[in-house]
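These notes are about the structure you will find just below.
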Amino acid sequence: MGRNKINMTEIKTGKIIKVAGPLVVANGLPEAQMYEVVKVGDEKIVGEVIRIKDDNVFIQVYEETSGIGPGEPVYLTGNPLTVELGPGLVANIYDGIQRPLRDLAKKSGQFIARGIESLALDIEKKWEFIPTAKIGDEVGPGDVLGEVKETELLNHKIMVPPFVEKGIVDSIVKKGSYTITETIAQIKNSNKEKTEIKLSHKWPIRNSRPINKKLTPSLGLVTGQRVIDMFFPIAKGGAGCVPGPFGSGKTVVQHQLAKWSDADVIIFVGCGERGNEMTDLLMEFPELNDPKTGRPLMERTVLIANTSNMPVAAREASVYTGITIAEYFRDMGYSVVLLADSTSRWAEALREISGRLEEMPGDEGYPAYLGSRTAAFYERAGFVQCLGQDKREGFLTVVGAVSPPGG
(Lines give C-alpha, C1' and ligand atoms only; values in the text may rest on other atoms or scores of the structure.)
Protein backbone atom coordinates (compact mmCIF):
# COMPACT_ATOMS: atom_id res chain seq x y z
CA MET A 1 0.00 0.00 0.00
CA GLY A 2 3.02 2.28 -0.13
CA ARG A 3 4.74 4.22 2.63
CA ASN A 4 2.75 5.84 5.37
CA LYS A 5 1.41 9.30 4.62
CA ILE A 6 4.11 11.90 5.07
CA ASN A 7 3.64 15.63 5.44
CA MET A 8 4.89 17.27 2.23
CA THR A 9 6.73 19.96 4.16
CA GLU A 10 8.88 17.29 5.84
CA ILE A 11 10.15 15.82 2.57
CA LYS A 12 13.13 17.21 0.71
CA THR A 13 11.77 18.34 -2.64
CA GLY A 14 13.32 17.57 -5.99
CA LYS A 15 13.70 19.85 -9.00
CA ILE A 16 12.42 19.56 -12.56
CA ILE A 17 15.21 19.22 -15.13
CA LYS A 18 13.18 18.47 -18.28
CA VAL A 19 9.59 18.73 -19.55
CA ALA A 20 8.41 16.83 -22.64
CA GLY A 21 4.62 17.07 -22.96
CA PRO A 22 3.05 14.92 -20.22
CA LEU A 23 6.49 13.57 -19.25
CA VAL A 24 8.47 15.42 -16.58
CA VAL A 25 11.99 14.44 -15.50
CA ALA A 26 13.19 15.47 -12.03
CA ASN A 27 16.18 14.78 -9.82
CA GLY A 28 17.01 15.10 -6.13
CA LEU A 29 14.36 12.55 -5.08
CA PRO A 30 16.32 9.57 -3.67
CA GLU A 31 13.27 8.32 -1.73
CA ALA A 32 11.01 8.10 -4.80
CA GLN A 33 9.34 4.74 -5.51
CA MET A 34 7.82 3.30 -8.69
CA TYR A 35 4.18 4.34 -9.24
CA GLU A 36 4.32 6.83 -6.37
CA VAL A 37 2.08 9.87 -6.70
CA VAL A 38 3.96 13.18 -6.76
CA LYS A 39 2.94 16.85 -6.99
CA VAL A 40 4.70 18.71 -9.79
CA GLY A 41 5.53 22.41 -10.10
CA ASP A 42 4.39 25.44 -8.16
CA GLU A 43 0.75 24.55 -8.92
CA LYS A 44 1.26 21.02 -7.47
CA ILE A 45 -0.37 19.19 -10.36
CA VAL A 46 -0.72 15.42 -9.97
CA GLY A 47 1.81 13.02 -11.49
CA GLU A 48 3.03 9.45 -11.09
CA VAL A 49 6.55 7.99 -11.09
CA ILE A 50 6.90 5.59 -14.06
CA ARG A 51 10.69 5.14 -14.22
CA ILE A 52 13.70 5.67 -11.95
CA LYS A 53 17.12 5.80 -13.60
CA ASP A 54 20.19 6.80 -11.59
CA ASP A 55 19.26 10.10 -9.92
CA ASN A 56 16.56 10.91 -12.49
CA VAL A 57 12.88 10.27 -11.80
CA PHE A 58 10.51 10.12 -14.79
CA ILE A 59 6.97 11.28 -14.02
CA GLN A 60 3.82 11.11 -16.15
CA VAL A 61 1.66 14.12 -15.35
CA TYR A 62 -2.13 13.91 -15.43
CA GLU A 63 -2.70 17.50 -16.51
CA GLU A 64 -1.49 20.00 -19.10
CA THR A 65 2.19 20.94 -18.55
CA SER A 66 2.39 24.17 -20.55
CA GLY A 67 4.13 26.91 -18.55
CA ILE A 68 5.99 24.45 -16.31
CA GLY A 69 9.76 24.57 -16.66
CA PRO A 70 13.06 23.35 -15.20
CA GLY A 71 13.84 24.42 -11.65
CA GLU A 72 10.31 24.12 -10.30
CA PRO A 73 9.83 21.81 -7.27
CA VAL A 74 8.51 18.25 -7.18
CA TYR A 75 6.97 16.87 -3.98
CA LEU A 76 6.66 13.21 -2.96
CA THR A 77 3.44 12.00 -1.28
CA GLY A 78 4.56 8.52 -0.20
CA ASN A 79 1.44 6.87 -1.68
CA PRO A 80 0.59 5.08 -4.93
CA LEU A 81 -2.30 6.26 -7.14
CA THR A 82 -5.44 5.09 -5.32
CA VAL A 83 -9.20 5.22 -5.65
CA GLU A 84 -11.67 5.86 -2.84
CA LEU A 85 -14.13 2.99 -2.54
CA GLY A 86 -17.39 3.49 -0.65
CA PRO A 87 -20.98 4.75 -0.88
CA GLY A 88 -21.39 7.54 -3.43
CA LEU A 89 -19.66 5.90 -6.38
CA VAL A 90 -22.83 4.90 -8.23
CA ALA A 91 -24.48 7.49 -10.52
CA ASN A 92 -21.28 9.55 -10.45
CA ILE A 93 -19.04 10.61 -13.33
CA TYR A 94 -15.28 10.82 -12.77
CA ASP A 95 -12.21 11.74 -14.78
CA GLY A 96 -9.32 9.28 -15.24
CA ILE A 97 -7.93 9.79 -11.72
CA GLN A 98 -11.30 9.74 -9.91
CA ARG A 99 -12.02 13.45 -9.61
CA PRO A 100 -15.82 13.98 -9.80
CA LEU A 101 -16.50 16.07 -12.90
CA ARG A 102 -19.71 17.60 -11.52
CA ASP A 103 -17.77 18.95 -8.56
CA LEU A 104 -14.96 20.23 -10.81
CA ALA A 105 -17.55 22.02 -12.99
CA LYS A 106 -18.88 23.85 -9.91
CA LYS A 107 -15.37 24.93 -8.94
CA SER A 108 -13.87 25.90 -12.30
CA GLY A 109 -16.67 26.02 -14.90
CA GLN A 110 -16.89 23.99 -18.09
CA PHE A 111 -13.11 23.65 -18.47
CA ILE A 112 -11.04 21.92 -15.77
CA ALA A 113 -8.58 24.33 -14.17
CA ARG A 114 -5.04 23.02 -13.78
CA GLY A 115 -4.03 21.87 -10.31
CA ILE A 116 -7.63 21.73 -9.08
CA GLU A 117 -8.38 19.03 -6.51
CA SER A 118 -11.63 17.47 -5.41
CA LEU A 119 -12.60 14.61 -3.11
CA ALA A 120 -13.83 11.48 -4.90
CA LEU A 121 -16.69 10.91 -2.43
CA ASP A 122 -18.88 13.39 -0.57
CA ILE A 123 -17.61 13.49 3.04
CA GLU A 124 -20.61 15.48 4.31
CA LYS A 125 -23.43 13.29 2.99
CA LYS A 126 -24.91 10.92 5.57
CA TRP A 127 -25.72 7.33 4.64
CA GLU A 128 -28.19 5.06 6.42
CA PHE A 129 -26.05 2.18 7.72
CA ILE A 130 -27.70 -1.08 8.78
CA PRO A 131 -25.25 -3.33 10.70
CA THR A 132 -25.36 -7.10 10.10
CA ALA A 133 -22.35 -8.05 12.26
CA LYS A 134 -22.38 -7.81 16.06
CA ILE A 135 -19.82 -7.40 18.84
CA GLY A 136 -17.82 -10.60 19.38
CA ASP A 137 -18.15 -11.86 15.79
CA GLU A 138 -14.97 -13.19 14.24
CA VAL A 139 -14.38 -11.39 10.93
CA GLY A 140 -11.64 -11.14 8.34
CA PRO A 141 -10.98 -9.52 4.96
CA GLY A 142 -14.11 -9.44 2.80
CA ASP A 143 -16.62 -10.15 5.58
CA VAL A 144 -19.71 -7.96 5.48
CA LEU A 145 -20.28 -5.68 8.49
CA GLY A 146 -23.46 -4.03 7.25
CA GLU A 147 -25.25 -2.43 4.30
CA VAL A 148 -26.04 1.00 2.92
CA LYS A 149 -28.90 1.60 0.48
CA GLU A 150 -26.89 3.57 -2.08
CA THR A 151 -29.58 3.78 -4.76
CA GLU A 152 -32.95 2.10 -5.29
CA LEU A 153 -31.16 -0.45 -7.49
CA LEU A 154 -28.14 -1.16 -5.28
CA ASN A 155 -27.47 -2.25 -1.71
CA HIS A 156 -23.88 -1.26 -0.95
CA LYS A 157 -22.21 -3.87 1.27
CA ILE A 158 -19.71 -2.47 3.78
CA MET A 159 -16.90 -5.05 3.93
CA VAL A 160 -13.76 -5.48 5.99
CA PRO A 161 -11.00 -4.12 3.67
CA PRO A 162 -8.55 -6.74 2.27
CA PHE A 163 -5.58 -5.23 4.13
CA VAL A 164 -7.17 -5.57 7.62
CA GLU A 165 -6.10 -8.52 9.80
CA LYS A 166 -8.57 -11.15 10.93
CA GLY A 167 -9.98 -10.43 14.39
CA ILE A 168 -13.01 -9.90 16.61
CA VAL A 169 -15.58 -7.11 16.26
CA ASP A 170 -14.75 -4.98 19.31
CA SER A 171 -17.40 -2.34 18.62
CA ILE A 172 -19.95 -1.54 15.93
CA VAL A 173 -22.38 1.37 15.63
CA LYS A 174 -26.16 1.00 15.78
CA LYS A 175 -28.42 1.51 12.80
CA GLY A 176 -28.30 5.17 11.84
CA SER A 177 -26.92 7.85 9.52
CA TYR A 178 -23.14 8.25 9.19
CA THR A 179 -20.66 9.98 6.89
CA ILE A 180 -17.87 8.06 5.14
CA THR A 181 -15.29 9.56 7.51
CA GLU A 182 -16.95 8.31 10.73
CA THR A 183 -15.79 5.07 12.35
CA ILE A 184 -18.55 2.46 12.13
CA ALA A 185 -16.67 -0.48 13.69
CA GLN A 186 -13.44 -1.52 15.39
CA ILE A 187 -11.75 -4.87 14.86
CA LYS A 188 -9.34 -6.24 17.47
CA ASN A 189 -6.70 -8.67 16.20
CA SER A 190 -4.82 -11.40 18.09
CA ASN A 191 -2.25 -8.85 19.32
CA LYS A 192 -5.05 -6.77 20.90
CA GLU A 193 -4.46 -4.04 18.29
CA LYS A 194 -7.60 -2.27 17.12
CA THR A 195 -8.32 -1.22 13.53
CA GLU A 196 -11.00 1.38 12.79
CA ILE A 197 -13.36 0.60 9.91
CA LYS A 198 -15.12 3.40 8.04
CA LEU A 199 -17.72 3.27 5.28
CA SER A 200 -14.97 3.83 2.69
CA HIS A 201 -11.35 2.82 2.14
CA LYS A 202 -8.63 3.36 -0.47
CA TRP A 203 -7.06 0.86 -2.85
CA PRO A 204 -4.11 1.24 -5.32
CA ILE A 205 -5.46 1.02 -8.87
CA ARG A 206 -2.58 -1.02 -10.31
CA ASN A 207 -3.05 -3.85 -7.79
CA SER A 208 -5.90 -6.29 -8.42
CA ARG A 209 -8.11 -6.85 -5.37
CA PRO A 210 -7.55 -10.27 -3.75
CA ILE A 211 -10.04 -13.15 -4.04
CA ASN A 212 -10.39 -16.64 -2.57
CA LYS A 213 -10.19 -18.40 -5.93
CA LYS A 214 -11.12 -18.09 -9.58
CA LEU A 215 -13.95 -20.30 -10.83
CA THR A 216 -14.75 -21.54 -14.33
CA PRO A 217 -17.35 -19.29 -16.03
CA SER A 218 -20.49 -21.31 -16.65
CA LEU A 219 -23.31 -18.77 -17.01
CA GLY A 220 -23.99 -16.68 -20.09
CA LEU A 221 -24.28 -12.91 -19.95
CA VAL A 222 -27.57 -12.00 -21.59
CA THR A 223 -26.71 -8.80 -23.46
CA GLY A 224 -30.18 -8.04 -24.80
CA GLN A 225 -28.75 -7.95 -28.34
CA ARG A 226 -30.00 -10.97 -30.30
CA VAL A 227 -27.14 -11.04 -32.77
CA ILE A 228 -24.56 -11.11 -29.95
CA ASP A 229 -26.41 -13.63 -27.79
CA MET A 230 -26.92 -15.89 -30.81
CA PHE A 231 -23.56 -15.77 -32.59
CA PHE A 232 -21.01 -14.33 -30.13
CA PRO A 233 -22.21 -15.26 -26.62
CA ILE A 234 -20.26 -13.84 -23.69
CA ALA A 235 -19.85 -15.67 -20.37
CA LYS A 236 -20.49 -13.89 -17.08
CA GLY A 237 -16.95 -13.31 -15.85
CA GLY A 238 -15.53 -13.60 -19.36
CA ALA A 239 -13.78 -11.07 -21.56
CA GLY A 240 -14.69 -9.87 -25.04
CA CYS A 241 -13.99 -7.16 -27.54
CA VAL A 242 -15.92 -5.16 -30.10
CA PRO A 243 -13.57 -4.86 -33.10
CA GLY A 244 -14.06 -2.53 -36.02
CA PRO A 245 -12.76 0.51 -37.88
CA PHE A 246 -13.56 4.09 -36.90
CA GLY A 247 -17.22 4.98 -37.31
CA SER A 248 -18.43 1.38 -37.54
CA GLY A 249 -20.61 1.51 -34.42
CA LYS A 250 -18.40 0.04 -31.68
CA THR A 251 -19.47 2.72 -29.23
CA VAL A 252 -23.15 2.19 -30.07
CA VAL A 253 -22.77 -1.55 -29.38
CA GLN A 254 -21.17 -0.79 -26.02
CA HIS A 255 -23.94 1.69 -25.18
CA GLN A 256 -26.47 -1.07 -25.91
CA LEU A 257 -24.56 -3.49 -23.66
CA ALA A 258 -24.55 -0.89 -20.89
CA LYS A 259 -28.31 -0.39 -21.22
CA TRP A 260 -29.61 -3.93 -21.55
CA SER A 261 -27.02 -6.36 -20.14
CA ASP A 262 -28.10 -8.72 -17.39
CA ALA A 263 -25.77 -7.09 -14.85
CA ASP A 264 -26.16 -5.50 -11.42
CA VAL A 265 -23.56 -2.75 -11.96
CA ILE A 266 -22.18 -1.13 -15.12
CA ILE A 267 -18.79 0.65 -15.19
CA PHE A 268 -18.36 2.59 -18.45
CA VAL A 269 -14.85 3.92 -19.18
CA GLY A 270 -14.69 6.48 -21.99
CA CYS A 271 -10.97 6.22 -22.70
CA GLY A 272 -9.82 8.69 -25.35
CA GLU A 273 -13.17 8.74 -27.16
CA ARG A 274 -15.11 11.79 -28.33
CA GLY A 275 -16.72 13.96 -25.69
CA ASN A 276 -20.13 13.89 -27.40
CA GLU A 277 -20.28 10.10 -26.94
CA MET A 278 -20.00 10.46 -23.15
CA THR A 279 -22.57 13.26 -23.34
CA ASP A 280 -25.00 10.85 -25.02
CA LEU A 281 -24.64 8.47 -22.08
CA LEU A 282 -25.16 11.24 -19.54
CA MET A 283 -28.28 12.47 -21.36
CA GLU A 284 -29.80 9.05 -22.07
CA PHE A 285 -29.17 7.01 -18.91
CA PRO A 286 -31.26 9.11 -16.49
CA GLU A 287 -34.17 8.85 -18.96
CA LEU A 288 -33.89 5.09 -19.61
CA ASN A 289 -35.42 2.72 -17.08
CA ASP A 290 -34.03 -0.54 -15.72
CA PRO A 291 -36.14 -3.39 -17.16
CA LYS A 292 -36.36 -5.15 -13.76
CA THR A 293 -37.32 -2.25 -11.52
CA GLY A 294 -38.35 0.68 -13.72
CA ARG A 295 -35.78 2.93 -12.03
CA PRO A 296 -33.31 5.12 -14.03
CA LEU A 297 -30.33 3.14 -15.37
CA MET A 298 -27.93 5.72 -13.93
CA GLU A 299 -28.69 4.27 -10.48
CA ARG A 300 -26.53 1.22 -11.26
CA THR A 301 -23.88 2.94 -13.40
CA VAL A 302 -20.48 4.57 -12.79
CA LEU A 303 -18.96 6.64 -15.62
CA ILE A 304 -15.21 7.28 -16.04
CA ALA A 305 -14.69 10.01 -18.66
CA ASN A 306 -11.25 10.64 -20.08
CA THR A 307 -12.15 11.93 -23.51
CA SER A 308 -9.77 12.74 -26.36
CA ASN A 309 -9.39 16.39 -25.29
CA MET A 310 -8.26 15.40 -21.78
CA PRO A 311 -4.62 14.75 -20.76
CA VAL A 312 -3.14 11.67 -22.42
CA ALA A 313 -1.46 10.33 -19.27
CA ALA A 314 -4.75 10.16 -17.36
CA ARG A 315 -6.09 8.02 -20.22
CA GLU A 316 -3.53 5.37 -19.30
CA ALA A 317 -4.75 5.44 -15.68
CA SER A 318 -8.49 5.57 -16.46
CA VAL A 319 -8.90 1.87 -17.32
CA TYR A 320 -7.21 0.90 -14.04
CA THR A 321 -9.46 3.31 -12.13
CA GLY A 322 -12.49 1.73 -13.79
CA ILE A 323 -11.53 -1.89 -13.22
CA THR A 324 -10.61 -1.29 -9.56
CA ILE A 325 -14.09 0.16 -8.94
CA ALA A 326 -15.54 -2.82 -10.85
CA GLU A 327 -13.60 -5.30 -8.68
CA TYR A 328 -14.94 -3.56 -5.56
CA PHE A 329 -18.56 -4.17 -6.59
CA ARG A 330 -17.67 -7.71 -7.72
CA ASP A 331 -16.35 -8.34 -4.19
CA MET A 332 -19.86 -7.61 -2.88
CA GLY A 333 -21.13 -10.60 -4.88
CA TYR A 334 -22.59 -8.63 -7.78
CA SER A 335 -22.42 -9.23 -11.52
CA VAL A 336 -20.43 -6.31 -12.93
CA VAL A 337 -19.81 -5.36 -16.57
CA LEU A 338 -16.87 -3.08 -17.39
CA LEU A 339 -17.03 -1.45 -20.82
CA ALA A 340 -13.74 0.09 -22.00
CA ASP A 341 -14.18 2.39 -24.99
CA SER A 342 -11.64 2.12 -26.36
CA THR A 343 -8.65 -0.04 -25.46
CA SER A 344 -7.00 1.10 -28.72
CA ARG A 345 -6.90 4.71 -27.49
CA TRP A 346 -5.45 3.38 -24.23
CA ALA A 347 -2.74 1.61 -26.25
CA GLU A 348 -2.08 4.86 -28.14
CA ALA A 349 -1.61 6.64 -24.80
CA LEU A 350 0.91 3.96 -23.79
CA ARG A 351 2.66 4.47 -27.12
CA GLU A 352 2.93 8.23 -26.63
CA ILE A 353 4.31 7.93 -23.10
CA SER A 354 6.70 5.17 -24.23
CA GLY A 355 7.95 7.35 -27.10
CA ARG A 356 8.68 10.23 -24.75
CA LEU A 357 10.57 7.80 -22.50
CA GLU A 358 12.68 6.90 -25.60
CA GLU A 359 11.95 3.20 -25.15
CA MET A 360 12.62 0.70 -27.93
CA PRO A 361 9.40 0.55 -29.99
CA GLY A 362 7.70 -2.69 -30.98
CA ASP A 363 5.24 -3.37 -33.81
CA GLU A 364 3.46 -0.23 -35.15
CA GLY A 365 5.51 1.87 -32.71
CA TYR A 366 3.69 0.47 -29.66
CA PRO A 367 5.84 -0.37 -26.61
CA ALA A 368 7.19 -3.92 -26.45
CA TYR A 369 5.24 -4.53 -23.22
CA LEU A 370 1.84 -3.69 -24.77
CA GLY A 371 0.83 -7.37 -24.93
CA SER A 372 1.60 -8.06 -21.28
CA ARG A 373 -0.13 -4.85 -20.13
CA THR A 374 -3.25 -5.71 -22.13
CA ALA A 375 -3.25 -9.30 -20.86
CA ALA A 376 -2.81 -8.14 -17.23
CA PHE A 377 -5.81 -5.82 -17.64
CA TYR A 378 -8.13 -8.47 -19.10
CA GLU A 379 -6.86 -11.01 -16.55
CA ARG A 380 -8.64 -9.01 -13.85
CA ALA A 381 -11.98 -10.18 -15.32
CA GLY A 382 -13.41 -13.42 -14.00
CA PHE A 383 -16.00 -15.45 -12.12
CA VAL A 384 -14.62 -15.61 -8.59
CA GLN A 385 -15.27 -16.74 -5.06
CA CYS A 386 -14.91 -13.49 -3.13
CA LEU A 387 -13.09 -12.98 0.16
CA GLY A 388 -15.29 -13.60 3.19
CA GLN A 389 -16.68 -16.47 5.23
CA ASP A 390 -19.95 -16.61 3.29
CA LYS A 391 -18.04 -17.66 0.12
CA ARG A 392 -20.24 -15.44 -2.06
CA GLU A 393 -19.55 -15.44 -5.79
CA GLY A 394 -19.07 -12.41 -8.03
CA PHE A 395 -18.74 -11.81 -11.76
CA LEU A 396 -16.62 -9.22 -13.56
CA THR A 397 -17.07 -9.19 -17.33
CA VAL A 398 -14.79 -6.94 -19.39
CA VAL A 399 -15.69 -5.82 -22.93
CA GLY A 400 -13.29 -3.49 -24.74
CA ALA A 401 -13.58 -1.77 -28.09
CA VAL A 402 -10.67 -2.36 -30.48
CA SER A 403 -9.81 -0.24 -33.53
CA PRO A 404 -7.15 -1.95 -35.66
CA PRO A 405 -4.45 0.51 -36.86
CA GLY A 406 -5.27 1.77 -40.35
CA GLY A 407 -8.94 0.75 -40.02
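The values are calculated or read from the model by the stated rules, or taken from the named source; none is laboratory data. On a predicted model such as this, the values are computed, not experimentally measured, just so you know. Because the Cβ atoms are built from the backbone with ideal geometry, glycine has one as well, and the counts that use them run over all protein chains shown. Accessible surface areas use protein heavy atoms only, side chains included; no ligands, DNA or RNA. Shrake-Rupley method; radii C 1.70, N 1.55, O 1.52, S 1.80 Å.
Listed values, structure above:
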quantity: Single residue of segment 224-264 satisfying the filter (without any contact (Cβ under 8 Å) to a residue 12 or more places away in the chain and aromatic (Phe, Trp, Tyr)) that is surrounded by the most Cβ atoms within 10 Å (Cβ to Cβ); calculated: PHE232
quantity: Which listed residue, of ALA313, ALA368, ALA349, is more than 23 Å from LEU85 (Cβ to Cβ) and within 19 Å of the chain's Cα centre (by Cα); calculated: ALA349
quantity: Condition met for PHE246 (assigned to a loop (DSSP other than H, G, I, E, B) and of a type in the set (Phe, Trp, Tyr)); calculated: yes
quantity: Single residue of TYR369, TYR378, TYR328 found to be among the aromatic types (Phe, Trp, Tyr), touching a residue at least 12 places away in the same chain (Cβ under 8 Å) and open to solvent by 10 Å² or more (accessible area, probe 1.4 Å); calculated: TYR378
quantity: Check on GLY275, small (Gly, Ala, Ser) and free of Cβ contacts under 8 Å to residues at least 12 places away in the same chain; calculated: no
quantity: Qualifying positions in segment 331-346 - under 13 Å from the mean Cα position of the chain (by Cα) and of a type in the set (D, E, K, R); calculated: none
quantity: Qualifying residues in segment 54-68 (those that are among the acidic types (Asp, Glu) and open to solvent by 20 Å² or more (accessible area, probe 1.4 Å)) - the one farthest from ILE112 (Cα to Cα); calculated: ASP54
quantity: Elements of type strands (runs of 3 or more DSSP E) in segment 120-182, at least 2 residues being in contact with a Pro (Cβ under 7 Å, 6 or more places away or on another chain); calculated: 144-151
quantity: Some residue of segment 338-360 being in contact with a strand residue (DSSP E or B) (Cβ under 8 Å, 6 or more places away or on another chain), of a type in the set (Ser, Thr, Tyr) and without any contact (Cβ under 8 Å) to a residue 40 or more places away in the chain; calculated: yes
quantity: Identity of the residue in segment 393-405, open to solvent by 20 Å² or more (accessible area, probe 1.4 Å) and in contact with a helix residue (DSSP H, G or I) (Cβ under 9 Å, 6 or more places away or on another chain), that ends up modelled with the highest pLDDT; calculated: PHE395
quantity: Yes/no for THR195 being free of Cβ contacts under 8 Å to residues at least 24 places away in the same chain and touching a strand residue (DSSP E or B) at 6+ places or on another chain (Cβ under 6 Å); calculated: no
quantity: Residue list for segment 145-162, filter: open to solvent by 10 Å² or more (accessible area, probe 1.4 Å) and either closer than 24 Å to ASP290 by Cβ or touching a Cys at 6+ places or on another chain (Cβ under 6 Å) (or both); calculated: GLU147, LYS149, GLU150, THR151, GLU152, LEU153, ASN155, LYS157
quantity: Extreme residue, least open to solvent (accessible area, probe 1.4 Å), among residues of segment 3-43 that are of a type in the set (Lys, Arg) and at pLDDT 90 or above; calculated: LYS39
quantity: Residue match in segment 164-184 (condition: basic (Lys, Arg) and open to solvent by less than 70 Å² (accessible area, probe 1.4 Å)); calculated: no
